[in-house]
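Taking it in order: structure first as structure tokens, then the write-up.
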Amino acid sequence: MKRLIYFSFAFLTLSQLVSCYYDNAAEMHPASALNLNCDTTGTITYTTHMVPIFNSYCGAQNSCHSSSLANGGVILSTYATASQVDDATMLGCTQQLPGYNPMPQSGSLSECNIILIRKWIEQGKLE
């Protein structure tokens, strides 16, 4: 009987040592961390790509960087005003680089949105 108890104890202990422990989902499924809906290829335009980002994160509709508030003198609610924002400032703020005011103030943009902004600038800030 003692052997059975010792064997059971040893089996349970060993099974705990070889079982999954502290599995990291990102390591087990690296593709799940990718935003597969992020299409940064092709032409990036203000109307199609920037408006949703600016409206969601920059207050272009009714706060922060709208024409009524224009925090920091930056207005993102129209193509004419958004395309005039200094490229280095827009990239520095959205990438939250040292020396720039981190934008948005309530968090950070996704890597996809940062790439879209960078490509919009690189492609000449198309409408």
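The values are calculated or read from the model by the stated rules, or taken from the named source; none is laboratory data. Given the structure is predicted, the values throughout are model-derived calculations rather than measurements. Cβ: placed from backbone, ideal geometry, glycine included. Neighbour counts: every protein chain shown. Ligands, DNA and RNA are excluded from the accessible area calculation, which covers all protein heavy atoms including side chains. Shrake-Rupley method; radii C 1.70, N 1.55, O 1.52, S 1.80 Å.
General remarks:
- Between Asn62 and Leu97, the contour length at 0.36 nm per residue exceeds the alpha carbon distance by 10.0 nm.
- Amide N proximity, the stretch 111-127 versus Cys38 label position 7 Å along Cα-to-Cβ, cut-off under 11 Å: 111-117
- In plain terms, the chain from Cys112 to Ala70 could stretch by 12.6 nm, reckoned as 0.36 nm per residue minus the Cα-Cα distance.
- Computed extension gain for Leu126 through Ala80, at 0.36 nm per residue and net of the alpha carbon distance, reaches 15.5 nm.
- Percent accessible area from carbon and sulfur atoms, the stretch 79-127, protein chains only, probe 1.4 Å: 50
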